[in-house]
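Below is one structure, written out as structure tokens, with a few remarks after it.
The values are calculated or read from the model by the stated rules, or taken from the named source; none is laboratory data. Worth saying up front: this structure is predicted, and the values here are computed from it rather than measured. Neighbour counts are summed over all protein chains in view; Cβ atoms, including those assigned to glycine, are modelled from backbone coordinates with ideal geometry. Heavy atoms of the whole protein, side chains included, go into the accessibility calculation; ligands, DNA and RNA do not. Shrake-Rupley method; radii C 1.70, N 1.55, O 1.52, S 1.80 Å.
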Amino acid sequence: MCMAATYKDKDHYFGRNLDLEISYGQKVVVTPRNKEFAYRHENAEKTHLALIGMAAVVDGCPLYFDATNENGLSMAGLNFPGNAYYGEMKEGSHNIAPFEFIPWVLCKCSTVEEARALISGTNLIDENFSDALPASPLHWIVSDRESSIVVEYMESGLSIYDDPAGILTNNPPFPFHMHNLANYMNLSAGVPENRFSKDIDLRPYSRGMGAMGLPGDLSSASRFVKAAFTKLNSLSDGTEEGGMTQFFHIMDSVQQQMGCCYLGDEKYEYTIYTSCCDTDKGIYYYRTYGNSQITGVDMHRTDLDSDVLAEFPLVEGQHVLMQN
């Protein structure tokens, strides 16, 4: 389970919750412009746009969970089991393995429309990174400051959907989630009106009743609705710090707490980290399950013309500010 979102305030923000039962040793990784990307079946890119995001680095290769490039285009992969389909090599297409997909797009493209054009000619193939790291069944959200799309490779073929909500969770496929929002179109952040009957004097007995019926369970369908409602009704104070803070509050609305999602065999899914990238400034903020403090990495404080990854291990352990 996972959730990704965009949020535009003074700056534009993109991030995600990574909800899993295990950690992959992920860290914040900056891939500079001259770090070569060697694709399995495409020509290597010796120079490209710089990236920052969360990745597991294996044999010197950053396997990004989510990332933003220096021009502000962002992308995240979310779990899509049972629906994701990766095929065989296809002549006349760019044949890309799923673990290469995020850098394939972000190294080349600066806008959603450029990404849409590239992805339309890209064939995702059924190829593992290694025997120990099989291909993950994923679908993806791609966002810039103005718009978002969702990319799904299924057995029926490639689909690219406009995403006006700027939200993505997991199964079912994206069209279901947008259709499902119609079940909640009567929700409001305001005080509810009595539409039950003019013959009965019904009045609100509590604040927050406009959102009565907003789902709160951990299913992907419910998280999509709750995240979309929270994001689309959110207000910040208009400052850079306020926008970043508000983004984390949006993500908090659908976090998973340890113990609430049992997977069997004494395993529990929980929100391992929450990220928030200020895509205008190239600053990647994050929190972990065990550390509520917001930590930031500024890609422009690294050497973006280098040919070596800049790796920042996650700051773990709770950080408490004592006032006396």
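Pick from segment 10-32 the residues that are in contact with a Cys (Cβ under 9 Å, 6 or more places away or on another chain) and open to solvent by 20 Å² or more (accessible area, probe 1.4 Å): which of them is nearest to Thr295 (Cα to Cα)? So, considering only residues that are in contact with a Cys (Cβ under 9 Å, 6 or more places away or on another chain) and open to solvent by 20 Å² or more (accessible area, probe 1.4 Å), the one nearest to Thr295 (Cα to Cα) is Leu20.
Taking the criterion of being more than 23 Å from Lys8 (Cα to Cα), crowded, with 23+ Cβ neighbours inside 10 Å and in contact (Cβ under 8 Å) with a residue 60 or more places away in the chain, the only residue of segment 36-73 that qualifies is Pro62. Of all residues assigned to segment 309-323, at least one qualifies as being touching a strand residue (DSSP E or B) at 6+ places or on another chain (Cβ under 6 Å), surrounded by 15 or more Cβ atoms within 10 Å (Cβ to Cβ), touching a residue at least 60 places away in the same chain (Cβ under 8 Å) and small (Gly, Ala, Ser).
Are any residues in segment 130-143 outside any strand (DSSP E or B) and either surrounded by 20 or more Cβ atoms within 10 Å (Cβ to Cβ) or charged (D, E, K, R) (or both), and if so, which ones?
Restricting attention to segment 130-143, the residues satisfying the condition of being outside any strand (DSSP E or B) are 130-137.
Across segment 130-143, the qualifying residue is only Asp131.
Filter segment 272-324 down to the residues that are closer than 16 Å to Gly243 by Cβ and polar (S, T, N, Q), then identify the one that is farthest from the chain's Cα centre (by Cα). In this case the residue turns out to be Thr279.
Here is a list: Glu127, Glu146. Which entry is surrounded by fewer than 22 Cβ atoms within 10 Å (Cβ to Cβ) and either part of a helix (DSSP H, G or I) or over 18 Å from the mean Cα position of the chain (by Cα) (or both)?
Values: Glu146 fails: either part of a helix (DSSP H, G or I) or over 18 Å from the mean Cα position of the chain (by Cα) (or both).
Unique residue meeting the criteria: Glu127.
Name the residue, out of Tyr205, Tyr161, that is assigned to a loop (DSSP other than H, G, I, E, B) and either free of Cβ contacts under 8 Å to residues at least 12 places away in the same chain or open to solvent by 60 Å² or more (accessible area, probe 1.4 Å) (or both). Result: Tyr205 is the single residue among Tyr205, Tyr161 that is assigned to a loop (DSSP other than H, G, I, E, B) and either free of Cβ contacts under 8 Å to residues at least 12 places away in the same chain or open to solvent by 60 Å² or more (accessible area, probe 1.4 Å) (or both). Close Cβ contacts (under 6 Å, 6 or more residues apart or on different chains) running from residues in segment 265-291 that are hydrophobic (A, V, I, L, M, F, W, C) to residues that are part of a strand (DSSP E or B) and surrounded by fewer than 24 Cβ atoms within 10 Å (Cβ to Cβ) comprise Ile272/Leu20; Cys276/Tyr285; Ile283/Gly296; Ile283/Asp298.
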